[in-house]
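The values are calculated or read from the model by the stated rules, or taken from the named source; none is laboratory data. All of these numbers come straight from a predicted model, not from anything done at the bench. Here the Cβ positions follow ideal geometry from the backbone for every residue, glycine too, while neighbour counts run over all protein chains shown.
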Amino acid sequence: MKKKLPGKKGIILKEDWEIEILRKANSIVARVLQILKEQLAEGISTHDLDQLAESEIKKSGGIPAFKGYKGYPATLCISINDEVVHGIPRKDRLLRQGDLVSMDVGVIYEGYVGDAALTATVGAPSEEAARLMAVTEEALLKGITQARPKNRLGDISHAIQRHVEGAGYSVVKQFVGHGVGKALHEPPEIPNFGRRGRGPVLKPGMVLAIEPMVNAGSHDVKILEDGWTAVTVDGSLSAHFEHSVAVTKKGPVILSVPEQE
Ligand code: MF3
Ligand code: CO
């Protein structure tokens with residue numbers, strides 16, 4: 001989500017039964033992302049992938065969460081190469097071999113929102129793309145590890161920033177992760193940079209969408225004239241991974257994984 005000015009509303013704690021619904025919503029998201037990843041191929045349009053995402057979500061009993069959100073026109077956000085987030089699917093945008101493709105999906109199921117994203121390439125990745133994807137996903141997992149009771153929000157932010165900058169890359173600052181529940185965006189905002197030991201104390205029942213966006217070059221991003229697509233100012237590659245995570249007594253639980261049979 002886009003970073004807003006400071007606003008301090010409370011973080012909504014979820015009951016166990018609500019977390020089970022959020023798990024279901026997120027398992028649909030995870031399954032759709034897997035299907036989309038398998039479909040990445042030269043010549044397919046981003047619109048085709050959007051249609052596929054929408055039909056799979058509906059088949060699962062869900063509703064696309066992004067479509068109509070603040071006027072966003074599609075089910076899928078699909079952001080290629082120097083596009084950071086919120087790329088709008090188009091009939092005339094065809095994937096090419098080697099493209100670095102971030103896909104972000106949101107689903108409403110029984111009134112609760114699932115939200116996750118991943119980045120993959122069309123065919124084999126370049127060395128740079130492979131390293132950027134690995135560092136971004138590792139940063140997400142390091143952030144998730146910090147999502148346990150008694151830690152603070154800044155511990156998550158700091159772990160992500162440290163891993164990314166240690167690898168020589170930049171975290172995007174204009175967009176942040178967020179709480180998620182009945183609404184796609186709930187408090188708190190979760191920056192991908194920050195200081196250890198700062199911010200709200202984490203409690204069981206919090207559900208957090210943690211989503212590092214990482215640029216190979218500078219952190220600067222700008223929005224294109226479509227009003228949505230964020231791109232790197234220097235044209236460098238950008239990757240994005242997101243999981244929705246429940247903070248539990250036992251530690252972090254990733255909700256955005258396919259349902260286990
Ligand atoms: N995961 C993204 C976010 O939290 C997706 C939002 S797309 C939008 O900002 F269209 F719904 F805004
Ligand atoms: Co999100």
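Listed by position, the strands (runs of 3 or more DSSP E) contained in region 130-237 that have at least 3 residues being modelled with pLDDT of 95 or more and buried (at least 16 other Cβ atoms within 10 Å of the Cβ) are 177-179, 186-190, 207-210, 213-215, 230-232. Does region 51-70 contain any residue that is among the hydrophobic types (A, V, I, L, M, F, W, C), within 15 Å of K91 (Cα to Cα) and away from ligand 2 (no atom under 16 Å from the Cβ)? Yes, region 51-70 contains at least one residue that is among the hydrophobic types (A, V, I, L, M, F, W, C), within 15 Å of K91 (Cα to Cα) and away from ligand 2 (no atom under 16 Å from the Cβ).
Each residue in region 40-77 was checked for being among the aliphatic types (A, V, I, L, M) and within 11 Å of ligand 1 (Cβ to nearest atom), and 3 pass. Among the residues making up region 64-79, those that are buried (at least 20 other Cβ atoms within 10 Å of the Cβ) and either touching a helix residue (DSSP H, G or I) at 6+ places or on another chain (Cβ under 9 Å) or in a loop (DSSP other than H, G, I, E, B) (or both) are P64, A65, F66, A74, T75, L76, I78. For the structure I just gave you, tell me whether I28 is within 16 Å of ligand 2 (Cβ to nearest atom), modelled with pLDDT of 95 or more, among the aliphatic types (A, V, I, L, M) and part of a loop (DSSP other than H, G, I, E, B). Here the answer is no, as I28 does not meet what is asked. I'm checking my understanding of the structure. Among residues of region 132-172 that are within 16 Å of ligand 2 (Cβ to nearest atom) and more than 14 Å from the chain's Cα centre (by Cα), which one is nearest to A230 (Cα to Cα)? Top of the filtered list is S157. Six or more apart or on different chains, Cβ under 9 Å: which pairs go from a residue in region 111-124 that's part of a strand (DSSP E or B) to one that's more than 13 Å from ligand 1 (Cβ to nearest atom) and among the acidic types (D, E)? Could you list them? Matching pairs, first to second residue: Y112/E18; L118/E137; T119/E137; T121/D99.
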